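Okay, structure first, notes after.
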Amino acid sequence: MDQYEPGRLTPPQLAAVRRSLRSGRAALTRRSLLRASAGGVLTAGGLGALSACGIPAAGRTPGGTAADDRSAREKTVNFSNWTEYIDVDDSGKRHPTLAAFQRKTGITVRYTEDINDNNEFFGKIKPQLAAGQETGRDLIVLTDWLAARLIRLGWVQKLDPVNLPHAFAGLSPQFRTPDWDPGRAYSYPWQAISTVIAYNKKALNGIEVRSVSDLLDNPRLKGRVGFLSEMRDSVGMTLLDMGKDPADFTDDDYDAAIARLQKAVDKGQIRRFTGNDYTADLAKGDFAACVAWAGDVVQLKADSPDVDFIIPDSGYVTSTDNMLIPNKARHKTNAERLIDFFYEPEQAAALAAYINYVTPVDNVKPWLAKIDRDAADNPLIVPDKAMQAKSHAFRSLSQKEETAYEEKFAKLTGA
C-alpha cells in the first residue's frame, strides 16, 4: 500500500513525531515529564502501526454525534489529560481543583493521565470514533492542530453555551477565534504555550538581543544560538521576524523562512535544534540565547538568575491545548460543567499557580495574586493586553502542506 496515500502519516510526519518524542515539547515539560516511561512513548512498532492504520484526511463536514446523555442520573465525568498537567496537593495523589468541583456539583471526576503524545492518543481513540462508537471518555485535551482535525472529521460534539457561562464570558480575547474553531463552538483552551526568546545574561556579556534577526545574524553569537525542533515554533517565529503572519502565509513565505534558517545553519550560527533540553544549555551558558517555551522560562528564572526573556517587537507564537467532548460521550453535560468550572477565576488561578502555563482566562489575575503575587505579575503566565496583541497562532495546515512543510523542516534540522 502506498505510504503517501492521502490520510496516512507520511515519512516526514513520522519523523516529526519521532523528533517531538525525542526532543520536542513532548520531552521534559512538567506536563510531559513522564511520557518516556514504559507504555508512554511510541516505539518503532507503535509508529508503524499508526502509519498502517492511517490518520483520515481532514475535510469532512463537522457534526458530532451525541449519545444518550446520562449526566442527570450518573454523577460522573471521565476526563483524559496529559501527564503532570493539573494541580496536585502535597501528597501527590489528590487534585484540589477536581475535589472542589465534586464538592460543588456532586459530580465525581474519573481523571486519567493517559495522553502521552497527540498522535499516539489519536491512534488509541481513532478506531472507536471512526466506527461511531464511544471512547469511554467524556472530555479530552488535545493540541490545537489535532483538535482541528477531530473537528473537521466530525468526531467531537458541539458545545452547549447554556452550560458554559463562565467559559463564554471569561475566555481571553486572544483565544476566541482560531481559524479551526471560530467562536469556540467545539473547544475551549485548557492552557496555552507561548514561544519567546530566552537568554543568559552572563553568556551574552553585554550583547543586545531583541529579535530573531539578532539570533540569526549577529556574528558574536555564532555557535551559541538554539532553535526549537518543533516546526511551528521555529518557523513561526522566523516568519514573524520577516514581517509575515504565521496565521496567513504562502508556500513561498514558508520556503523563505526555511532558507533563512538554513543560511544560519550553514554558517554555524545555530548550534542545534532542540526540545526542552535547551534548558540545560541555557542555564550553563552554552546557549547565549535561544527560541524557548514560556513555561520552561518561568521555571528556569526561578532557579537561574542569569536567565531572562524578551518578546520581539515582531511578536511571538502561541499554541493551545484544548478541551473537547468526543462523539458518543455518555456524560456531555457533566463534561461541559467541568469545562466551565475551570473558567471560574478562582479555579483557573489555582491551576495556573501550579503548572505555570499561560492561562486562557481573562480575569484571573486578582485571584492568582492571592496565591502567588509573582505568578500574577508574570506576563508569561498572565499576558497583559500589550503582550496579547503580539500573540500569533500558526495557521491550520492541509494534509498536503503538512507533509511538504515537515519534510523541508526535517532536512533543515537533520532529523
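With respect to K301, is the statement that it is over 30 Å from K104 (Cα atoms), modelled with pLDDT under 95 and outside the structural domain of T108 (by TED's automatic domain parsing) true?
So K301 fits the description; yes.
Check D214, D181 and return the single one that is among the acidic types (D, E) and open to solvent by less than 30 Å² (accessible area, probe 1.4 Å).
D181
Can you run down the residue pairs with Cβ atoms below 6 Å, 6 or more apart or on separate chains, where the first is in region 177-198 and more than 30 Å from L282 (Cα to Cα) and the partner is polar (S, T, N, Q) and surrounded by fewer than 23 Cβ atoms within 10 Å (Cβ to Cβ)?
Taking only residues 6 or more apart or on different chains, the pairs are D179/S396; W180/S396.
Output the number of the condition that L159 fails; it satisfies all remaining conditions of (1) open to solvent by 40 Å² or more (accessible area, probe 1.4 Å); (2) in contact (Cβ under 8 Å) with a residue 40 or more places away in the chain; (3) not assigned by TED's automatic domain parsing to the domain that holds K408.
Failing condition for L159: (1).
Would you kindly identify the helices (runs of 4 or more DSSP H) lying entirely within region 340-415 that contain at least 2 residues that are more than 22 Å from D89 (Cβ to Cβ)?
Because the criterion is at least 2 residues that are more than 22 Å from D89 (Cβ to Cβ), the helices (runs of 4 or more DSSP H) in region 340-415 that meet it are 365-371, 385-389, 399-413.
Which one is surrounded by the most Cβ atoms within 10 Å (Cβ to Cβ), of the residues in region 244-266 that are touching a strand residue (DSSP E or B) at 6+ places or on another chain (Cβ under 9 Å) and either among the small types (G, A, S) or within 21 Å of D181 (Cα to Cα) (or both)?
Only one residue tops the list, namely P246.
Can you confirm whether region 345-354 contains a residue that is over 19 Å from the mean Cα position of the chain (by Cα), closer than 18 Å to L142 by Cβ and modelled with pLDDT of 95 or more?
No, region 345-354 contains no residue that is over 19 Å from the mean Cα position of the chain (by Cα), closer than 18 Å to L142 by Cβ and modelled with pLDDT of 95 or more.
Return the residue satisfying two criteria in turn: it lies in region 305-340 and is out of contact with any Asp or Glu (no Cβ under 9 Å at 6 or more places or on another chain) and open to solvent by 20 Å² or more (accessible area, probe 1.4 Å), and of such residues it is nearest to R110 (Cα to Cα).
R337
So Q174 ticks every box in (1) in a helix (DSSP H, G or I); (2) over 22 Å from N378 (Cα atoms); (3) touching a helix residue (DSSP H, G or I) at 6+ places or on another chain (Cβ under 7 Å) but one. Which box is left unticked?
Among (1) in a helix (DSSP H, G or I); (2) over 22 Å from N378 (Cα atoms); (3) touching a helix residue (DSSP H, G or I) at 6+ places or on another chain (Cβ under 7 Å), Q174 violates only (2).
Among the residues in region 204-221, are any farther than 18 Å from A288 by Cα and small (G, A, S)?
no
Filter region 176-188 for residues that are closer than 22 Å to S234 by Cα and touching a strand residue (DSSP E or B) at 6+ places or on another chain (Cβ under 8 Å) and give the result.
Within region 176-188, P178 is the sole residue that qualifies.
Restricting attention to region 396-415, report how many residues are over 18 Å from L228 (Cα atoms) and open to solvent by 30 Å² or more (accessible area, probe 1.4 Å).
So the count comes out to 6.
Select from region 114-133 the residues that are acidic (D, E) and buried (at least 18 other Cβ atoms within 10 Å of the Cβ) and write down the one among them that is modelled with the highest pLDDT.
Of everything passing the filter in region 114-133, E120 is modelled with the highest pLDDT.
The values are calculated or read from the model by the stated rules, or taken from the named source; none is laboratory data. Predicted model, so just to flag it, every value in this text is computed and none were measured. Here the Cβ is made from the backbone with ideal geometry for all residues, glycine too, and neighbour counts use every protein chain on show. Heads up: the accessible areas ignore ligands, DNA and RNA and are worked out on the full protein's heavy atoms, side chains in. Shrake-Rupley method; radii C 1.70, N 1.55, O 1.52, S 1.80 Å.
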